[in-house]
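Beneath this line is the structure, given in structure tokens, with notes to follow.
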């Protein structure tokens with residue numbers, strides 16, 4: 001499609017985009033979409049202007065960043081000196097990480113400092129999109145830069161399941177949510193037999209198609225993204241493929257993969273519950289992919305040298321009726337209320353400011369903030385002890401140990417111990433709110449926990465998001481924070497953690513930091529590496545590095561030092577938990593397994609802390625004049641290790 005349905009000025013104007021810099025960012029995203037996403041661009045033109053811009057920003061930003069990363073940076077090699085593949089890859093990785101770091105900094109300030117970032121952040125803020133969606137996209141870009149290498153189909157599908165499937169399962173509901181329809185992935189898949197397998201098959205088909213589309217570009221970078229198993233089964237030598245030799249084996253392999261992708265795509269029915277116009281757009285998307293795969297299967301050798309393109313007549317034969325049907329559907333079923341984006345310079349802001357295309361409702365008044373719900377009292381009627389403010393710890397950190405052993409002693413699966421541990425966690429959070437604790441940090445999943453059996457890992461990856469959602473949905477005055485690494489975590493877990501952070505960021509009661517995929521040494525090593533990079537770049541004097549400068553690079557820089565470090569389950573070790581923050585923490589080890597803990601355990605531990613004299617190598621602080629009485633109903637014995 002060589003021209004849009006309406007002039008671009010009209011598209012931007014009807015979407016409320018008047019800032020020239022912001023228009024330039026959206027225009028860069030549009031051009032990147034059109035240049036590298038022929039099908040995506042064509043389908044975007046079936047949508048109203050506001051949805052069209054969101055599509056360009058999300059897809060086009062991904063492609064625009066890829067182009068920016070590919071652009072050479074720094075000094076050019078001397079004449080006759082060729083840049084090695086490793087050097088080129090390292091340069092691309094540096095440029096990508098630089099762009100991602102700049103994006104994250106811009107996102108914290110709510111406005112981009114470069115056009116593409118500005119358009120992407122504007123879309124995120126306008127439609128209230130979860131940051132986890134972008135982090136998944138960035139992981140895909142990182143994989144592209146590193147030149148993904150897969151030995152088997154199983155590895156290929158595992159990567160697809162962790163990166164691409166969550167992106168599609170988020171993107172489908174996202175399109176409907178942008179259209180004003182609150183639909184979750186489970187609802188979209190309702191009525192489809194074996195929905196999860198069907199969605200996975202569709203994503204496999206799209207990802208395999210993209211691998212074939214990008215084949216010539218990947219070969220130019222010295223990469224082969226197809227599994228080694230595929231090459232071996234087809235009798236293809238990697239050297240022949242990198243040299244772009246159209247051997248019979250390579251032609252048969254590429255043609256066969258195109259037909260395989262078409263078969264997978266044909267197996268996936270469209271979701272049954274969709275806005276009619278969105279259904280037309282998705283159906284057109286699928287039909288265009290079918291045409292592309294048929295063309296690729298007919299001319300597989302051409303993929304070695306160039307990206308495939310659909311012929312204009314073939315494309316238009318499908319798009320002309322789709323445009324007419326989409327226009328009719330949008331007129332019969334107009335969009336519900338659309339949110340307005342951040343205020344643009346020179347644009348009035350108020351209840352009469354139009355949002356999106358003509359005929360749409362104005363921006364609704366902001367809902368009154370909901371007051372926090374008080375914590376649920378303990379069933380025993382126990383109340384927290386009254387302690388002087390100076391005797392209260394500011395920050396309590398807990399290693400929640402003993403779940404598996406609790407279950408094993410009772411002849412239950414270890415997963416039952418983790419589920420019971422969730423109930424203990426929720427009760428302890430309620431107790432922390434009741435006693436007025438400001439910071440509670442929980443060791444939910446360590447980097448060493450990946451060594452556990454697959455069934456137990458599956459349970460943990462299910463239970464952690466459940467806990468996070470309960471903290472958000474209960475409307476308690478709890479601000480959720482995440483400390484840990486993204487690597488190896490499923491994309492949906494990352495998305496839930498980041499969404500919880502975003503949803504609760506304005507709460508001011510208890511700050512609950514969930515340490516998920518956390519390792520203390522890894523945190524310190526990563527912080528040291530960031531400081532080293534700053535020193536090499538001349539951004540910081542190595543002689544001026546202080547503890548404060550170092551702490552700025554920790555997972556949660558604002559996290560205060562730990563006052564009370566509590567571990568349940570009988571073991572007496574810190575297990576690589578918060579080594580930097582817990583340097584001066586008071587330690588308490590309990591024999592009680594975590595599932596038997598409740599808020600009274602926390603209160604009793606805080607009472608014991610209040611009786612301690614913390615010296616920090618200097619004069620001890622004055623202890624409380626009146627020692628607090630033991631908490632009624634306490635489940636903690638006076639542990640000799642205290």
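Stretched out straight at 0.36 nm per residue, the stretch from residue 259 to residue 549 would grow longer than its current Cα-Cα span by 98.8 nm. Its Cα gyration tensor gives the stretch 389-610 an equivalent ellipsoid; the semi-axes, largest first and in whole Å, are 28, 21, 18. Using every pair of separate Cα atoms, the Kirkwood estimate puts the hydrodynamic radius of the stretch 392-471 at 13.6 angstrom. Relative to its Kirkwood radius, the Cα radius of gyration of the stretch 474-563 gives an Rg/Rh of 1.04. Per-peptide packing, taken as the mean over residues of other Cβ atoms within 10 Å, places 200-209, 404-413, 575-584 in the sequence 200-209, 575-584, 404-413 from highest down.
Distance between the pseudo-spin-label points of residue 216 and residue 311 (7 Å out from Cα toward the beta carbon): 1.8 nm. Computed extension gain for residue 229 through residue 24, at 0.36 nm per residue and net of the alpha carbon distance, reaches 69.4 nm.
For the pair residue 558 and residue 470 in one chain, pulling the backbone fully straight at 0.36 nm per residue adds 29.3 nm over the alpha carbon distance. Can you list the residues of the stretch 285-311 with backbone N under 20 Å from a point 7 Å past the Cα of residue 252, pointing along Cα to Cβ? Flagged as within label range: 296-304.
Arrange 604, 477 by Cβ neighbour counts within 10 Å, fewest through most, would you?
477, 604
In this label model, residue 111 and residue 408 are separated by 5.8 nm, measuring between points 7 Å along each Cα→Cβ vector.
None of the figures in this text is laboratory data; all of them are computed from the coordinates on show. Everything numeric here is computed off the predicted structure, so don't read it as measured data. Backbone-built Cβ (ideal geometry, glycine too); neighbour counts: all protein chains shown.
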